[in-house]
1. Quick one: is Ala263 in contact with a helix residue (DSSP H, G or I) (Cβ under 8 Å, 6 or more places away or on another chain), over 30 Å from Ala152 (Cβ atoms) and either surrounded by 16 or more Cβ atoms within 10 Å (Cβ to Cβ) or of a type in the set (Asp, Glu) (or both)?
2. Considering only region 336-365, state which residues are of a type in the set (D, E, K, R) and more than 12 Å from the chain's Cα centre (by Cα).
3. What residue, among those in region 199-257 that are in a loop (DSSP other than H, G, I, E, B) and of a type in the set (D, E, K, R), is surrounded by the most Cβ atoms within 10 Å (Cβ to Cβ)?
4. Could you list, in sequence order, all residues of region 310-360 that are in a helix (DSSP H, G or I) and free of Cβ contacts under 8 Å to residues at least 24 places away in the same chain?
5. Can you tell me how many residues within region 346-390 are out of contact with any Leu (no Cβ under 7 Å at 6 or more places or on another chain), of a type in the set (A, V, I, L, M) and within 18 Å of Ala9 (Cβ to Cβ)?
6. Can you tell me which of (1) outside the structural domain of Asp379 (by TED's automatic domain parsing); (2) of a type in the set (Gly, Ala, Ser); (3) surrounded by 15 or more Cβ atoms within 10 Å (Cβ to Cβ); (4) assigned to a loop (DSSP other than H, G, I, E, B) is the one Ala302 doesn't meet?
7. Show the residue pairs meeting these rules: Cβ distance below 6 Å; 6+ apart or different chains; first residue within region 19-35 and touching a residue at least 12 places away in the same chain (Cβ under 8 Å); second residue charged (D, E, K, R).
8. Could you pull out the residue among Ala366, Ala357 that is farther than 30 Å from Asp210 by Cα, in contact with a Ser or Thr (Cβ under 6 Å, 6 or more places away or on another chain), assigned by TED's automatic domain parsing to the domain that holds Pro179 and not aromatic (Phe, Trp, Tyr)?
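The values are calculated or read from the model by the stated rules, or taken from the named source; none is laboratory data. What you are looking at is a predicted structure, and each value in this text was computed from that prediction instead of being measured. All Cβ positions, glycine included, derive from the backbone under ideal geometry; neighbour counts span all protein chains shown.
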Amino acid sequence: MKYTTRILARLVSINSVNPQLETGGAGEAEIGALIADELRGLGLEVELDEIAPGRVNVTGIVRGSGPGSGPGRGRNLMINGHMDTVGISGMDAPLAARMEDGKLYGRGAYDMKSGLAGMLGAAHRLVESGDKLEGDLVLTFVADEEYASIGAEAVAKAWGAKGGAARRGRVDAAIVTEPTDMHICPAHRGFAVYSITTKGKTAHGGRHEDGRDANAMMGLLLAELHAHAQVLPRRLQHELCGSASIHVPIVEGGRSLFIYSHACRIKVERRTLPGETEASVRSEIEALMESASMRAAASGAAFEADLELELWRDPWEINISHDIVKALERAGSGVEAFRPGFIGHGWWEDSAILGAAGIPSVVMGAAGGGIHQDVEWADLDSVAGLAELLYRTARQFCGVVGG
C-alpha cells in the first residue's frame, strides 16, 4: 500500500471535528499527536503547540544546509494544512476510511486530510531520497480553519514577515494544501458577516398609533438587499474567483403576537473578491441602508438601524509570476496527476492569513468530492501525486545541495 494511502486512512479514522461546529467534536489533539509521531519517525524537528485547550498546532522542520551559490537558492518554504473538519452528523460511517475504486471515503478525506497526507508523503519522499535541501522546509499542521483560524493566526505570527518571526525564523513562501483537484489556485474569495438591527417601538397590536414596526422597517432593507443581490454578481467579477455575492442567512424579529416589534436583526453575508476592502464593502451596505431610510421617509415612517461588523476575512491573490507559483508549475510538468491551468476558489482559506503576514501563499491540493457533504471522498492517485509534486516543488524552491 502506498504511504500516502496508508497515512490518509489513519488520518480519516480520527475524529478531528471542530468543537465549535458540532457537539462532541474532538478537535485536533489526537490527530496532532499522530502527525507529530509520524514526523518524528521521519527524523524531522517537531514542535507541538497547544494554542487553546485541546487545540494544537504541529510543526515539522527539515533544516536546510544554508544558502547556495545559485540565484534564489536556500529559500525557506512552508507547506500548510488544517487538521480540523466540519461535523459528521448525518453521515454514514464517517470515520471508517472505506476504500473503493481508487477513492477513500470519510469526513475530511477531501477537505483536507488529503492535503495532510500529501504533506506527510512529501516529507517521506524527501527522507527516502536522501536529498539535502539548502533552505528550510517547514510543514505546519494547524487547528481551527473551519471556524476562527486560531491555528493559522499563530503560525503567521511565528513565521511571518510582519512581526514576531525572530523566535522561529522566516519563510519566503507558502503552499496551502486545500483541495484544488490538482490545479494551482492563486486566488480565492473572502467574506464579511454583518449584523444589522432595525429599531421599532413596542406597543399593543390594537394601538397602531403608539407603535413602530421594526420588522416592517427591516422589510424595506431586505428589498434593497434583494435587488442588490441581483446586480452585484454582474457588477463585480474576477477572472478566477467568479462573482461577488451577498445574501441574508438569518432573520430574527419580534417577541410575540399582538405586540409591535421593538427590534429586528439580520445577518448579512457578503462574499468578496481580491482587491475589495472592508471599508468599501461597508460603504456599499450603508448605501443600501440609506436607500431603505429614504423609502421609509417617503411614507412618513422613521427608519433607525445599527450596522455591526461581526467577521471579516480578506480575499487573497498571488501574482502568477511569483517564484512559488512558477516552482509549482515546473515541478508539475513531471507529475502525471498535475493539471495545468489556474483556478480560483469561491470560499475563504488560511492562505489569506499567511499572505497578510507577508508570506506569499498559493493553494495546491488533491482531487476528490463531497466537500462539507454527507458523502466525501479523495482520489488516492491524486494524493500520491500531490506528495510527489510537493517534494519536487521543495527541491525547486529551497534548492538541493549539489543539485
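1. So Ala263 fits the description; yes.
2. Those that are of a type in the set (D, E, K, R) and more than 12 Å from the chain's Cα centre (by Cα): Glu336, Arg339.
3. Asp213
4. Selection gives Lys326 alone.
5. Qualifying residue count for the region: 5.
6. (3)
7. Gly27/Arg55; Glu28/Arg55; Glu28/Asp84
8. Checking each option against the conditions leaves just Ala366.
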